[in-house]
Amino acid sequence: MTTQYQIKVYDSQWTNLIKTISPKDIISDISFSCQINWGQGELNIEINDKFNSSYYSYWNIVEVMEYSDFYKAWRNIYKWYISQIVREQEINKETITLTCLWLASLLQSCIFLFTTTNIDPANLIKTILDDFDSKIPWLIWYGSNIDNFWQVLNISTSTWTSLDTINTVAKTTNFYRYVDQYGEFFFKAKPIVPTHYLTNQKDIERISLSEDGENIVNRIILKEYFDVYHTYDDIPSQTQYWLLEWYYPKPELVNTASRDAFAQSEFDRNSTTKKKTSIVVNNKYDLVTLQPWQTIKVRNFDYSIDNLQINKVQYSTKRVTLDLEDYISFGKLLTNN
């Protein structure tokens, strides 16, 4: 299928359309990655335009639109802000290259101060996002996008960047966080039913598997204030892999529930070898709909791949590569069959 793109450039307030770049003026391929617990990666766009064009400025919003053969319409696939502009002039050729960064990357440029509180992580994240929006109004959230964890955690006073605070709070849960192409923030549990059904040797070009044990942790030592230490052990992992320890200074986790939740979350991710499954999907499938945090089921395959979560999407014009969650073991299924 033929894929067409156009690019829209807005002012930094995301209100006024400055320029629409037609497909014929886009020189570079549209290629980027997006990842669970983070968001969209850097995008570099080379376009035909006058060397002295005044349409592009730092912090302008860039919106990439794809024409969908499935829906016969233009759709927004991703949105970034301009962080760098390179102008080049050659004989009979003038180009502009835009380097664009993920909107939510600016969470690491804002400071958030909070005090010790018993709070559901979801409510603290909402407070952080509201504080960020008062400084840079680029992210939005809706109540349906942020799930309650239904466990009150006690987290101590600290001054961090907004991004560090969100990451620390989220690590006390098994929820994912993600910012989509519309600037919407998600904090949710993994879907319990598959989001996508892919057919091997039709939608899927290749399935690959790797396994590594470089970062196994089966004893966690947490340090809180006043040199108080708490030790957590994963005995089955220690029996299988020997004792592999890791030290975490975590003074912000000031009660047992918070520390227990953090340790269990780390063991869930790191107490065994990582089974990394990668799937390449061609453009017979509607590639734009494949997003980190969603889950997939594969049909027409000898082994069960059912409701595995997408960790990362590497997007290009003709195909996407999906990296699936590590600790749900497709590799184990292969080994045991």
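The values are calculated or read from the model by the stated rules, or taken from the named source; none is laboratory data. Not measured: the values here are computed from a predicted model. Every residue, glycine among them, receives a Cβ derived from its backbone with ideal geometry; neighbour counts consider all protein chains shown.
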Could you tell me which of the residues SER68, SER83, SER33, SER54 is touching a Ser or Thr at 6+ places or on another chain (Cβ under 6 Å), among the hydroxyl-bearing types (Ser, Thr, Tyr) and either farther than 27 Å from LYS188 by Cα or touching a residue at least 24 places away in the same chain (Cβ under 8 Å) (or both)? SER83
Check LYS250, LYS275, LYS223 and return the single one that is among the charged types (D, E, K, R) and more than 24 Å from ASN118 (Cβ to Cβ). LYS275
Can you tell me which condition LYS284 does not meet? The list is (1) modelled with pLDDT of 90 or more; (2) within 28 Å of the chain's Cα centre (by Cα); (3) farther than 25 Å from VAL169 by Cβ; (4) part of a loop (DSSP other than H, G, I, E, B), and all the others hold. (1)
Would the stretch 22-30 turn up any residue that is touching a helix residue (DSSP H, G or I) at 6+ places or on another chain (Cβ under 9 Å), among the basic types (Lys, Arg) and either on the phi < 0 side of the Ramachandran plot or not in a strand (DSSP E or B) (or both)? no
Determine which member of the set SER258, SER278 is buried (at least 22 other Cβ atoms within 10 Å of the Cβ) and either farther than 25 Å from GLU184 by Cβ or in contact with a strand residue (DSSP E or B) (Cβ under 6 Å, 6 or more places away or on another chain) (or both). SER258
Taking the options TRP102, TRP59, TRP74, name whichever one is buried (at least 20 other Cβ atoms within 10 Å of the Cβ) and touching a residue at least 24 places away in the same chain (Cβ under 8 Å). TRP102
Under 6 Å between Cβ atoms, which residue pairs at least 6 apart in sequence (or on different chains) link something in the stretch 275-302 that is at positive phi with a partner that is of a type outside the set (D, E, K, R) and crowded, with 17+ Cβ neighbours inside 10 Å? TRP293/ILE36; TRP293/TYR176; TRP293/TYR178
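Residues that are hydrophobic (A, V, I, L, M, F, W, C): find the strands (runs of 3 or more DSSP E) completely inside the stretch 56-120 holding 2 or more of those.
Output list reads 61-68, 73-90, 93-102, 111-114.
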